[in-house]
Each structure stands twice: as structure tokens, then as C-alpha cells.
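**Q** My questions all concern the structure below.
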Ligand code: MLT
């Protein structure tokens, strides 16, 4: 080989190595899986806030959601639960959820309606005969309902979990007829819907934030509350009330919510994961309420010395009065057209 040919051969070899090297590295890396996919590896940390103590179904809802979302995302979602409204009141929580300072919140629906009126249709007095009815109806209107809630509040429904009827507990006397409730000082959430229902029954209720209720009962500022049997146990209301009347005006539900801005920042596969985890959580929670938690709570309350009176003797009258003021609810529920559409859908799927 001449000196000229030798130089040419070295140059060709140099060029081959120069151009082939990146491809060889990529191939080697791909084979060993060493090229980290930044998107897939990122862990999304979620703060999930709620207002129940750790022995309350709201906490069990949060725990179930965490378990499923972490499993289905294979660890890409990491959820920290904050119970007992430790990050702020209901109103503050919805505000920070919208702004993105927390990512998720499980409120009582009656605490969502002040900022998302369209969700109020879920609280129409005496509308629900069963949890299945609520589930079927929400599934049928989910897209419309969610679009409205996002527009009104900047927060998104992942699922609505049907809990239990909010029964009436008071410290003064057995309430067995509508006459008996009149004159009692009853606390309701700060939603216009229970306020109007109680007014229809001849009671002027006291709207109060959740965090103030126990002390207000202790100090007799209020004498009665409406909450599910399970809450009478978890919040120890049996210490400050005595008589329970099983009214059926409101089947409580708790939505699993995410800030809309945060939801939109998640990759599409994780958006599907949070929806699937929320839907499965709803099934679990509805089943536990249906078959276990309400019955267990009633037993505990009797052991604690409470008097469970069953439904009022004249509950038809409670229902008639509450239904007679339906038109007054429209403004607190996103308007007449929406309420009528919701009822129509509800009737068509049940
Ligand atoms: C309320 O009465 O304000 C609610 O039921 C509180 C809650 O359960 O989050």
C-alpha cells in the first residue's frame, strides 16, 4: 500500500466510526433499556384533601383511591392523604384546588354546590330511592355535568360516590312528625338546598361550616344536625345528641375531585388511570355503604345510648313539602332548564 492509499484508508475508517457510533450506542442502550424515557419515569405527587377523621368512610374513599391509582399507574402517581380538613375549610379547599395548590379533594356535595351550582341537582330533596339510581343517572349525564362543574369551579369530577341518607339527630326531643322538628335549632351545610328544604318544613336552619359543628352542639348553639349514621359515629356526635330520625330527603354523595388545570397537565394515560381508579372506588364505597357501614353504625349508636326512631310517621308530608318548593331550588342548581333535563335523564334510565 502506498503512503497515499494508507492515509485514505485511515480517513475512511475514521468517517465510518464517526457516523456509526451514535447509532451503535442507541442500539446498545435500547437493548439494555438504558435510555430513560423521561415522561414515563416522572412521578406525579398528588395531595388529596378531605374533611373526615380517619375512621370515616370519606377517609376510606381516599385510601381506596390511592391504592388503586398507585397500583394502576405502577408508581407514577404518588398520593398523600390529608384528612380532617387540615389544609383549610371547605371553601378554601375548593379555591386552592382550582388554583392548583392541592391536586385532589373529596368534599361533601353540599359544600361543592356554593361554587359549582350545577352539582346541586344531586341534592334535589327526595329524588333518590337507591344508590344504583344515582349511579345510573350520573353515568348518563356525566359529560354534561362535568363540563358545567369545570366551567363553574375550575375543578373536575372524577366520580360521584353515593354514601348514605342524611338523618336528623338532635339533643332535645324525639322527632316523629313534622310538628316535632319545628322550633329546633338545626345546623345545615352552607348550601341553599338544605336551607330551602328545612324552611319548607317550617324550620329556620343555621348554616355552619363543618369544623364548627361539634362545639356548637356542645355549647347548645345548635340542637340538631343532619348527617349520615356513619358520621354520627366517626365524629362522636352520639356524645352531644340523643334522638335520630331516619329522614330520606338527601342521599349524601361525595365526589372525588381533581383541579382541572392539574388534570390537563397529566399525560393521557394517567388521566385514564385516575378516572378508572375513581370509578372503581365508587363501586367499592357504594357496596360497603349498602351492605355494611350503615348497619354497623346503627348498632354502634344504640350501644352508645342513642335512640333510633326510624322514619317519621308522616314522611309523606315531609316529602310533599320539600317537593312543593322545587322551583325555588333552580337558581342554586344551575337553572330550571338544567334541573328539568337532569330529572328527565334520571327518569329515563331508572
Ligand atoms: C357537612 O355536613 O358539612 C359534611 O357532611 C361534612 C363532611 O362529611 O365532609
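**Q** Cβ-Cβ below 7 Å, separation at least six or inter-chain, first residue in the stretch 325-350 and free of Cβ contacts under 8 Å to residues at least 40 places away in the same chain, second assigned to a helix (DSSP H, G or I) and surrounded by 14 or more Cβ atoms within 10 Å (Cβ to Cβ): which pairs?
**A** That search, which allows pairs on different chains as well, returns 330/339; 336/330.
**Q** In addition: Please enumerate the residues belonging to the stretch 203-235 that are more than 10 Å from the ligand (Cβ to nearest atom), in a loop (DSSP other than H, G, I, E, B) and either touching a residue at least 24 places away in the same chain (Cβ under 8 Å) or farther than 21 Å from residue 173 by Cβ (or both).
**A** Passing the criteria: 220, 221, 222, 223.
**Q** Determine if the stretch 76-92 includes at least one residue that is modelled with pLDDT of 95 or more, assigned to a helix (DSSP H, G or I) and away from the ligand (no atom under 16 Å from the Cβ).
**A** Among the residues of the stretch 76-92, not one is modelled with pLDDT of 95 or more, assigned to a helix (DSSP H, G or I) and away from the ligand (no atom under 16 Å from the Cβ), which makes the answer no.
**Q** So, one more: Answer yes or no as to whether residue 193 is closer than 29 Å to residue 103 by Cα and either more than 16 Å from the ligand (Cβ to nearest atom) or assigned to a helix (DSSP H, G or I) (or both).
**A** Values: closer than 29 Å to residue 103 by Cα: yes; either more than 16 Å from the ligand (Cβ to nearest atom) or assigned to a helix (DSSP H, G or I) (or both): yes.
Spelling it out, residue 193 is indeed closer than 29 Å to residue 103 by Cα and either more than 16 Å from the ligand (Cβ to nearest atom) or assigned to a helix (DSSP H, G or I) (or both).
**Q** Another question about this same structure. Which residues, counting only those in the stretch 237-248, are away from the ligand (no atom under 14 Å from the Cβ) and assigned to a loop (DSSP other than H, G, I, E, B)?
**A** 240, 242, 246, 247, 248
**Q** Mind listing whichever residues of the stretch 175-190 are surrounded by fewer than 21 Cβ atoms within 10 Å (Cβ to Cβ) and within 16 Å of the ligand (Cβ to nearest atom)?
**A** Selection gives 185, 190.
**Q** Which is out of contact with any helix residue (DSSP H, G or I) (no Cβ under 8 Å at 6 or more places or on another chain) and either within 16 Å of the ligand (Cβ to nearest atom) or modelled with pLDDT under 95 (or both), of 97, 112?
**A** Values: 112 fails: out of contact with any helix residue (DSSP H, G or I) (no Cβ under 8 Å at 6 or more places or on another chain).
None of the others qualify; the one that does is 97.
**Q** Let me ask something additional. Only one residue in 298, 346, 276, 261 is at pLDDT 95 or above and either more than 23 Å from the chain's Cα centre (by Cα) or under 30 Å from residue 233 (Cα atoms) (or both). Which one? Working first, answer last.
**A** Values: 346 fails: either more than 23 Å from the chain's Cα centre (by Cα) or under 30 Å from residue 233 (Cα atoms) (or both); 276 fails: either more than 23 Å from the chain's Cα centre (by Cα) or under 30 Å from residue 233 (Cα atoms) (or both); 261 fails: either more than 23 Å from the chain's Cα centre (by Cα) or under 30 Å from residue 233 (Cα atoms) (or both).
Result: 298 is the single residue among 298, 346, 276, 261 that is at pLDDT 95 or above and either more than 23 Å from the chain's Cα centre (by Cα) or under 30 Å from residue 233 (Cα atoms) (or both).
**Q** Something else about it: Given the criteria at pLDDT 95 or above, assigned to a loop (DSSP other than H, G, I, E, B) and surrounded by 16 or more Cβ atoms within 10 Å (Cβ to Cβ), does residue 105 qualify? Full working, then the answer.
**A** On the way: at pLDDT 95 or above: yes; assigned to a loop (DSSP other than H, G, I, E, B): no; surrounded by 16 or more Cβ atoms within 10 Å (Cβ to Cβ): yes.
It is false that residue 105 is at pLDDT 95 or above, assigned to a loop (DSSP other than H, G, I, E, B) and surrounded by 16 or more Cβ atoms within 10 Å (Cβ to Cβ).
The values are calculated or read from the model by the stated rules, or taken from the named source; none is laboratory data. These numbers come from a predicted model, not from an experiment. Reconstructed Cβ throughout: ideal geometry from the backbone, glycine too, with neighbour counts over all protein chains shown.
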